[in-house]
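The values are calculated or read from the model by the stated rules, or taken from the named source; none is laboratory data. Just so it is clear, the structure is predicted and the values come from calculations on it, not from any experiment. Neighbour counts are summed over all protein chains in view; Cβ atoms, including those assigned to glycine, are modelled from backbone coordinates with ideal geometry.
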Amino acid sequence: MIDLSSSQLESFERDGFLIVPRLIDPAEADRAAARYEGLFRGEFETGIEPDEWNWREGRDPPDRTRQICNGWKADRAIAGVGLREDIGRACALLAGWPGARVQVDNVLWKPPGAKSLGFHQDCSYLEWLNPREMLSCWIALDDTTAEGGTMELARGSHRWGDFPMAEQFHAPEDYRKGMREAAAAIGVEPEIVPVVVPKGGGSFHHGWTWHGSGPNRGDRPRRALVTHCISSAARFVPGRIGQGTGRWYGKYMRHDSDVMDDNYFPILWTKDSGRSAWIDAYVRREPATIR
Ligand SMILES: O=C(O)CCC(=O)C(=O)O
């Protein structure tokens, strides 16, 4: 159970991230990792295709970092980790929200030799959300090393201001370029911290913290599962729905309301016990209750 201390909350406030050596049981990390190969081959346990499926065998170069977004919809072993109540609680506490809902999860697989992911700020993709805030929990499913292409975070960069979306997210030549330019623009020297943890460990990062990852120069895969939370009270911004990742997730907005439906953006935790009632039955593979 993830339970953060007040000194961890303070350190997050200062740095814009928090590294935690153990977030989940390593055996749980193994169970989620065991789903990756099948998922990227298109074997979806629930029969539902995830919202984004950015790497396919035979179609995409083998040296790319593989990414699926909203794997929880396709596979309940992924949902069992990514939709944990304690992840939502920790994200809400760190962000100062009344509760947390999932905007999207990321199933990330960087095999040996795979290229980088460009540094970016998550909130730069979220013009379509109000409040435009995000807090993410990144869980390593393999032991990570600096040379193995683990995620890197720029200390204190949540206070640098808001910059545009990354020029190139997948496999840029110079993966730290955008972050270095942002640091230069405001006159600071970036301090980069790699998330080096055993499997089951990971980090939380603020939505404006610059982060990315280098190539995997190691000999083992680097897999991670990320839950990107937003406030349980977040709403769509109708006039901006096609901006950033609203291009994919704006389709879940009703034409006559800005309310976010927890069927697509599950509520993990709220102060008033407002966790989406269906999540736990879904993860246990129980038949849905039809009202
Ligand atoms: O794992 C990575 O390389 C980057 C992940 C990322 O961009 C994120 O968690 O927001």
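Where helices (runs of 4 or more DSSP H) fall entirely within segment 1-63, those with at least 1 residues that are touching a residue at least 24 places away in the same chain (Cβ under 8 Å), in contact with a Leu (Cβ under 8 Å, 6 or more places away or on another chain) and aliphatic (A, V, I, L, M) are at 6-15, 26-33.
Under the condition of being in a loop (DSSP other than H, G, I, E, B) and either at pLDDT below 95 or within 15 Å of the ligand (Cβ to nearest atom) (or both), the residues counted in segment 175-219 number 16. Residues in segment 135-164 that are of a type in the set (Phe, Trp, Tyr) and either at pLDDT below 95 or within 18 Å of the chain's Cα centre (by Cα) (or both): 2 in all. Can you confirm whether ASP105 is within 13 Å of the chain's Cα centre (by Cα), charged (D, E, K, R) and within 16 Å of the ligand (Cβ to nearest atom)? The answer is yes for ASP105. Scanning segment 47-65 for residues that are over 21 Å from the mean Cα position of the chain (by Cα) and either modelled with pLDDT of 95 or more or under 13 Å from ALA114 (Cβ atoms) (or both) turns up GLY47, ASP60, PRO61, PRO62, ASP63.
If we keep just the residues of segment 143-161 that are within 15 Å of the ligand (Cβ to nearest atom), of a type outside the set (Ser, Thr, Tyr) and surrounded by fewer than 21 Cβ atoms within 10 Å (Cβ to Cβ), which is nearest to TYR36 (Cα to Cα)? Here the answer is ASP143.
Taken over segment 101-147, the criterion of being basic (Lys, Arg) and either closer than 15 Å to TRP55 by Cα or assigned to a strand (DSSP E or B) (or both) is satisfied by ARG101, LYS110, LYS115.
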